[in-house]
Every structure is written in C-alpha cells, then in structure tokens.
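The values are calculated or read from the model by the stated rules, or taken from the named source; none is laboratory data. Every value quoted in this text rests on a predicted model; they were computed, and no experiment measured them. Backbone-built Cβ (ideal geometry, glycine too); neighbour counts: all protein chains shown. Accessible surface areas use protein heavy atoms only, side chains included; no ligands, DNA or RNA. Shrake-Rupley method; radii C 1.70, N 1.55, O 1.52, S 1.80 Å.
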Amino acid sequence: MNAKIRSKLPWLMLPLIITFGFAIFFIYPTNSTRFLNTSNLNLSSLVNPNPHRFLSTFPSKKQSNLQKIEAGLARARAAIKKAASMARNQSIEDPDYVPSGSVYWNPNSFHRSYLEMEKRFKIYVYEEGDPPIFHTAPCYGILGLEGIFINDMEISRFRTKDPEKAHVYFLPFSIITLINYVYIVGSHDWSPMYDTVRDYITVIDHRYPHWNRSQGADHFMLACHDWGPSISKSVPYLFKNTIRALCNANTSEGFKLSRDVSIPEIYLPHGTTEGLLGGPSPSKRTILVFFSGGVHGYIREVLLKHWENKTEDGVKIQKYLPKGDDYYQQVRKSKYCICASGWEVASPRMVEALYMGCVPVLVKDNYAKPFSDVLNWDTFSVDIPTSQIPQLKDILMVIPQRKYLRLQKNGAKVRKHFVVNLPPKRYDVFHMILHSIWLRRLDTHIRDINDQL
C-alpha cells in the first residue's frame with residue numbers, strides 16, 4: 001500500500017506546482033512591467049488608446065496620482081486620434097477660433113489637441129529660487145520672450161499649486177539672468193553658471209520625488225539666449241531627457257525633434273508688439289526681396305558676397321541701411337524677406353516678416369522650425385538651401401504670382417500663433433509654446449519605478 005501511494009505522488013504534485021507557478025506569475029511583477037518613459041508618438045500617429053493598459057493587474061487596486069494622470073492622457077490621445085480621422089472638424093464650437101486650411105498638417109487634430117490641453121494640462125512651477133536669477137527675466141529686446149514666458153507662467157491658469165496633479169514641471173531659471181548676475185564678463189569661465197543650475201536641480205531632487213521618478217523627462221526649461229543649449233549640458237538628465245524649449249533650435253547641436261521644442265525668437269523693442277503688426281497689400285509692395293544686417297556667420301557672408309547692393313529687379317540686400325531709411329518700412333514694402341541665420345540659427349526676422357505681411361525666405365541649416373508639429377511651413381514661407389544662394393533671385397522670380405499671393409495670405413493667417421499678447425490670449429505664441437510642450441508630454445509615458453503593478 002505505501003509503495004502505491006509513493007508511486008502516485010508525482011501526479012498529485014503536478015497540479016500543485018502549476019497552481020503555485022500561476023500565483024507567482026500574477027502576484028510578482030516582472031521587470032518588463034517597470035519602465036520610466038517612451039517617446040515614440042506624435043500628433044498624427046498615436047497609440048491605440050486604452051486608459052487601463054498600464055494599470056494594475058488587480059482592478060480593485062487604488063490608482064496612484066501618476067496613474068490617474070497617465071489614464072487621462074490616454075483619453076486625450078484617443079480623442080485626438082478620433083478627430084484626426086474625421087473628414088471635417090466636428091469639435092465643440094470654439095468662440096475664438098477654429099483651425100482650418102492647408103497651413104495646418106491636420107486642423108482637426110490640432111483643434112482637438114488644443115482643447116484637450118485647455119481641459120487637462122497642469123504645470124507645476126517650482127517655487128524654489130529667488131529673483132533675479134529665478135522666476136524673472138527681462139521682457140524686452142531680442143531675448144524678451146524668455147522673460148515674458150516666465151512671467152506669464154507665474155500667473156497662468158495652467159499652473160497648479162499641487163505637484164501631484166501636474167503633467168509637467170517648469171524649471172524657472174533664466175539663462176539671461178544667469179549671464180547677467182553669475183557670469184563674469186571676459187572670464188570665459190562658465191562653471192559658476194553650470195554650478196548654479198546643478199545646485200538648483202539637486203535642491204528640487206531632494207525636496208520632491210518627481211525629478212528622480214522620471215529622470216527629468218516630465219520637466220521643461222525655456223531659453224532664448226544662444227547659451228541655453230550649452231548650459232543645459234551641465235546636468236546630464238537635463239540635456240538628455242528634459243524638454244528644452246529653445247530659440248536656438250539647431251539639430252546639429254543636440255536639439256531633438258521628438259523631445260525638444262522650437263520657439264520663435266521675437267524682437268520686442270519696448271516689450272510689446274505695438275507698431276509691429278500689419279502692412280500694405282501685396283499690390284503695394286515694390287521690393288522683390290529685402291535683407292539688411294551685419295556679417296554674422298558664414299551664411300550671411302555668402303549672402304552678402306553674392307547680393308550686397310545689387311538692386312536690379314527689386315533686390316535690396318545690404319549690410320546697413322542708408323541714413324533715414326526705416327528697417328520696418330523696408331519690410332512692409334517687400335514681397336519676400338530674407339531670414340538668414342547669424343552666428344546661431346535663430347533670427348527675429350522670421351517673425352518680423354510674418355508680423356508685417358512679408359513672405360519669410362528661410363536661409364538656414366539644421367533649423368527646427370517653431371510649431372512644425374502643427375504648422376505646414378511650406379504653405380507660408382520659402383526655403384532656400386545655402387548652396388542655392390547664388391540663384392536666390394531666379395528662385396523667387398519663377399514663383400507664380402498666384403502662389404505668392406497664397407503664401408502671403410497664409411502668412412497673415414498663421415500670424416496669430418506668433419503674436420505676443422499681454423496678458424496671453426488663446427492660440428497666441430504663449431499658448432502655442434505650451435501646446436508644443438503638451439504634445440511632448442502626450443508622447444511620453446511616465447512610470448514610478450516603485451509602483452508594484
């Protein structure tokens with residue numbers, strides 16, 4: 001009898017082993033369920049939405065704040081994807097503006113995405129740090145957008161005082177004020193600026209869990225100064241993972257289209273757009289193409305070498321205007337305006353042209369155009385490679401009048417997205433910058449590495 005029982009034991013044990021194995025599989029999470037983020041989505045190509053795809057195996061388990069945020073983003077992605085597939089815009093009526101036309105890659109998805117942003121997007125601004133280096137910056141001149149954005153963000157309705165409800169976290173330091181108050185002019189020593197940024201990141205990392213949780217992937221900084229990209233390298237995660245909103249959006253210097261945000265450089269002589277908006281109709285523009293500026297960088301050297309002071313056929317390209325000539329009046333008299341890179345790729349001439357009804361002619365290498373996730377720049381600007389500068393006039397002369405009129409009209413249409421309003425208005429440059437950041441957050445999944453899923 002004992003021998004018979006022993007012979008049946010292996011068969012009796014098999015169901016127990018299988019049951020125990022299944023229990024281990026479902027209760028203990030594998031490493032494959034633990035990850036921090038991915039960034040392989042965009043506005044027109046979204047994942048199959050399912051707000052529970054990253055949640056706990058146990059339906060009754062209470063969701064964390066982060067899980068609720070990710071579920072909300074999944075619902076937003078689903079709504080945007082649905083809108084993108086519609087033949088016409090069936091979004092809720094918008095009292096201010098309904099995007100339409102060829103200037104947008106997909107006006108339906110942009111409109112839905114914008115409305116979802118207004119409905120859901122929450123930004124936490126770290127309160128650490130004192131002025132003048134943190135929470136403030138100059139709001140005038142060629143770099144004024146940096147200060148305007150920081151000031152607008154301080155009072156924005158998108159700002160939340162609860163970091164647990166935030167989708168992204170703003171690092172409110174200013175590159176301009178770092179240079180003005182930390183950098184010693186003529187020293188060529190950037191280490192004090194690097195140390196200031198590193199110390200700030202260390203402080204928020206010690207006081208909050210969010211930087212370490214995502215390794216900076218749901219944080220963003222903003223800089224219009226050319227030194228912004230270099231200073232971001234002072235902290236590896238800041239350069240590698242963080243969303244960097246930059247005027248100097250040079251893809252050859254580490255700017256990543258899928259992660260970073262290109263913002264326009266806007267020259268505001270007095271801190272506002274007063275006197276900068278509007279211009280005459282196309283029929284009253286007598287200059288074919290206009291440029292005036294110093295020899296800053298190799299692109300301008302080539303441009304001036306071939307075209308300086310050659311005024312035949314309406315070409316007006318020169319280093320400096322004659323005394324008495326007003327720069328903005330020349331822009332308003334011109335059909336096309338050269339927007340050439342200087343020492344860096346960014347230039348305020350691009351926005352000045354749009355402001356005043358002149359079609360921008362972009363002569364830049366490795367430049368990521370602002371808001372290009374949404375805007376089709378080919379419908380309101382002209383790109384000319386550096387190698388084709390000698391053929392500049394011929395390229396513009398063969399553009400049919402009908403196409404020029406369409407480019408000019410489309411430029412007037414997208415102007416609203418580049419206008420600085422005080423206070424900000426819907427769809428203006430402040431909100432377009434936020435929308436670009438919103439898109440990057442939509443494309444990033446954040447997982448708390450300590451979550452047991």
About the Cα centre, charge dipole magnitude for the stretch 326-453 (Lys/Arg +1, Asp/Glu -1 at Cβ), debye: 740 debye
Carbon and sulfur atoms: what percent of the 1.4 Å accessible area of the stretch 138-265 do they account for? 53 percent
How far apart, in nm, are the 7 Å Cα→Cβ label points at TYR181 and TYR208? 1.9 nm
Mean Cβ-within-10 Å packing, highest first, puts peptides 120-132, 367-379, 349-361 in the order 349-361, 367-379, 120-132
Would you give the gap between the C-alpha center of the stretch 276-292 and the C-alpha center of the stretch 141-198, rounded to a whole Å? 36 Å
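Within 10 Å, count the other beta carbons around each residue, average over each peptide in 381-390, 262-271, and list them highest first.
Order by mean packing, descending: 262-271, 381-390.
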Within a Cβ distance under 12 Å of TRP105, other residues only, what is the Lys/Arg minus Asp/Glu net charge? -2
Rounded to two decimals, the Rg over Rh value of the stretch 193-239 from Cα coordinates and the Kirkwood Rh reads 0.96
What is the sum of charges, Lys and Arg at +1 and Asp and Glu at -1, for the other residues whose Cβ falls under 12 Å from the Cβ of LEU268? -4
Alpha carbons only, please: Rg and Dmax for the stretch 273-358, in angstrom. 12.5, 35
Roughly to the nearest percent, how much of the accessible area of the stretch 357-453 is carbon and sulfur, given a 1.4 Å probe? 49 percent
Give the Kirkwood hydrodynamic radius (Å, one decimal) of the stretch 80-185, defined as one over the mean of 1/r across all pairs of different Cα atoms. 16.4 Å
23 Å Cα-Cα threshold exceeded, pairs from LYS68/LYS122; LYS82/LYS403; LYS393/LYS416; LYS240/LYS364; LYS240/LYS369: LYS82/LYS403; LYS393/LYS416; LYS240/LYS364
Give me Rg/Rg_expected for the stretch 143-228, where Rg uses Cα atoms only and Rg_expected = 2.2 N^0.38 Å with N residues. 1.19
If you put +1 on each Lys and Arg Cβ and -1 on each Asp and Glu Cβ, how big is the dipole of the stretch 190-238 around its Cα centre, in Debye rounded to 20? 120 debye
Name the aspartates and glutamates eligible as straight-distance cross-link partners of LYS425: C-alpha to C-alpha under 19 Å, and not fewer than 8 places from it in the same chain. GLU93, ASP94, ASP96, GLU116, GLU118, GLU146, ASP152, GLU154, GLU265, GLU274
Cβ neighbours within 10 Å, averaged per peptide: list 183-190, 399-406 in order, most packed at the top. 399-406, 183-190
Be a star and scan the stretch 331-356 for residues whose amide nitrogen sits under 17 Å from the point 7 Å along the Cα-to-Cβ vector of LEU405. 335-336
Where Lys and Arg each count +1 and Asp and Glu each count -1, what net charge lies around ASP365 among other residues with Cβ under 12 Å from its Cβ? -2
